[in-house]
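To keep things clear, I will list the structure first and then write my remarks on it.
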Amino acid sequence: MEFNIKDKVKLKNPLSYLKTSDNMPMLRPPDLVDIDEVGEIIAIKSPITVEIKFRRGSFLIDTDKIEKTQI
């Protein structure tokens, strides 16, 4: 699936960890993002990784772990 900046997305399945999008990325617990929480893509880092802004922060997530929403 192709993703673009400003697309609204959510997680397909719970993740085992989240990776922050800071200058020095850190691993964070997965409970910072609820499975039904909608985030917005704010940057495309590589063909398989995007930066998504959620309520509790911005995280780097692989595109195979997210899906677009209609909200």
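The values are calculated or read from the model by the stated rules, or taken from the named source; none is laboratory data. Bear in mind the structure is a predicted one, so any value in this text is a computation, not a measurement. In this analysis, Cβ positions are derived from the backbone assuming ideal geometry, glycine residues included, and neighbour counts consider all displayed protein chains.
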Going through the range 17-34 one residue at a time, which ones are among the charged types (D, E, K, R) and surrounded by fewer than 15 Cβ atoms within 10 Å (Cβ to Cβ)? ASP22, ASP31, ASP34
Among the candidates ASP31, ASP36, residue that is in a helix (DSSP H, G or I), free of Cβ contacts under 8 Å to residues at least 60 places away in the same chain and out of contact with any His (no Cβ under 7 Å at 6 or more places or on another chain): ASP31
Could you tell me whether any residue of the range 3-22 is touching a residue at least 60 places away in the same chain (Cβ under 8 Å), in a loop (DSSP other than H, G, I, E, B), under 13 Å from THR63 (Cα atoms) and not acidic (Asp, Glu)? yes
Could you count how many residues in the range 3-16 are surrounded by 15 or more Cβ atoms within 10 Å (Cβ to Cβ) and of a type in the set (Ser, Thr, Tyr)? 0
Among residues of the range 35-71, those that are at pLDDT below 95 and surrounded by 15 or more Cβ atoms within 10 Å (Cβ to Cβ), counted: 0
Any pair with Cβ under 7 angstrom, 6 or more apart, that starts in the range 47-60 at a residue that is in a loop (DSSP other than H, G, I, E, B) and ends at one that is crowded, with 17+ Cβ neighbours inside 10 Å and polar (S, T, N, Q): ILE48/THR63
